[in-house]
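Colleague: Got a structure for you, written out below as structure tokens; questions coming shortly.
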Amino acid sequence: MSSIISTDNAPKAIGPYSQAVCAGGLVFTSGQIALDPQTGALVGGDITAQTRQVCGNIKALLEAAGCTMDSVVKTVCFLSDMSDFAAFNEVYAEFFTSCPARSCVAVKALPKGALVEVEAVAEKSV
């Protein structure tokens, strides 16, 4: 049985989906872009600021689910420009210190003109 994870410390869904779902001992976050949870506005004009906000949003969702960033076993990362890869990695490494498995791809565009989107899968402790 699955349960929906919701928190005011992460942006509200901007479509017909949940912020995160817990199922089978795993927490699946929806893709997070650099939205401020309080205003819903896109923050940061560069990849560094946006990645920091994205990771903070994921951290808030995981905390709401009873997990930590170290609980993450897999991420999927989307960049609107692969030339941002190195700068993205610098900030990403600050948050994902356990080095989960990861995919990172370039996409043509992201919602609201975001530069980065990240989704995560975490293992929920019993």
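We did not get these values from a lab; they are worked out from the coordinates using the rules stated. Since we're looking at a predicted model, the values are computed, not measured. With ideal geometry, Cβ positions are generated from the backbone for all residues, glycine too; neighbour counts draw on all protein chains shown.
Colleague: So which residues in segment 68-77 are crowded, with 19+ Cβ neighbours inside 10 Å and among the hydroxyl-bearing types (S, T, Y), if there are any at all?
Modeller: Within segment 68-77, the subset crowded, with 19+ Cβ neighbours inside 10 Å is 71-72, 75, 77.
Once the filter is applied, which keeps residues that are crowded, with 19+ Cβ neighbours inside 10 Å and among the hydroxyl-bearing types (S, T, Y), segment 68-77 yields S71, T75.
Colleague: From (1) surrounded by 13 or more Cβ atoms within 10 Å (Cβ to Cβ); (2) among the acidic types (D, E); (3) touching a strand residue (DSSP E or B) at 6+ places or on another chain (Cβ under 8 Å), pick out the condition that doesn't hold for D81.
Modeller: (1)
To keep it simple, each residue is scored yes or no on (1) among the charged types (D, E, K, R); (2) under 25 Å from I4 (Cβ atoms).
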| site | (1), (2) |
| --- | --- |
| C67 | no, yes |
| E90 | yes, no |
| F95 | no, yes |
| E119 | yes, yes |
| K124 | yes, yes |
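Colleague: Given the options A34, A60, A13, name the one that is under 10 Å from the mean Cα position of the chain (by Cα), under 15 Å from P111 (Cβ atoms) and in contact (Cβ under 8 Å) with a residue 12 or more places away in the chain. Give the derivation first.
Modeller: Values: A60 fails: under 15 Å from P111 (Cβ atoms); A13 fails: under 10 Å from the mean Cα position of the chain (by Cα).
Checking each option against the conditions leaves just A34.
Colleague: A follow-up question, please. What number of residues within segment 95-122 satisfy the criterion of being surrounded by 12 or more Cβ atoms within 10 Å (Cβ to Cβ), over 13 Å from the mean Cα position of the chain (by Cα) and in a helix (DSSP H, G or I)?
Modeller: 2
Colleague: Another one. Conditions: (1) within 18 Å of A109 (Cα to Cα); (2) surrounded by 21 or more Cβ atoms within 10 Å (Cβ to Cβ). A65 meets all but one. Number of the miss?
Modeller: (1)
Colleague: Would you mind telling me which numbered condition in (1) more than 21 Å from V91 (Cα to Cα); (2) in contact (Cβ under 8 Å) with a residue 12 or more places away in the chain; (3) surrounded by fewer than 16 Cβ atoms within 10 Å (Cβ to Cβ) D46 fails?
Modeller: Going through (1) more than 21 Å from V91 (Cα to Cα); (2) in contact (Cβ under 8 Å) with a residue 12 or more places away in the chain; (3) surrounded by fewer than 16 Cβ atoms within 10 Å (Cβ to Cβ) one by one, D46 breaks only (1).
Colleague: Of all the residues that make up segment 95-126, how many are of a type in the set (D, E, K, R), within 16 Å of C55 (Cα to Cα) and without any contact (Cβ under 8 Å) to a residue 40 or more places away in the chain?
Modeller: Count: 1.
Colleague: Could you grab me the full set of residues in segment 84-93 that are free of Cβ contacts under 8 Å to residues at least 40 places away in the same chain and either within 13 Å of the chain's Cα centre (by Cα) or surrounded by 12 or more Cβ atoms within 10 Å (Cβ to Cβ) (or both)?
Modeller: From segment 84-93, those free of Cβ contacts under 8 Å to residues at least 40 places away in the same chain are 84-86, 89, 93; that's our starting set.
Correct list: D84, F85, N89.
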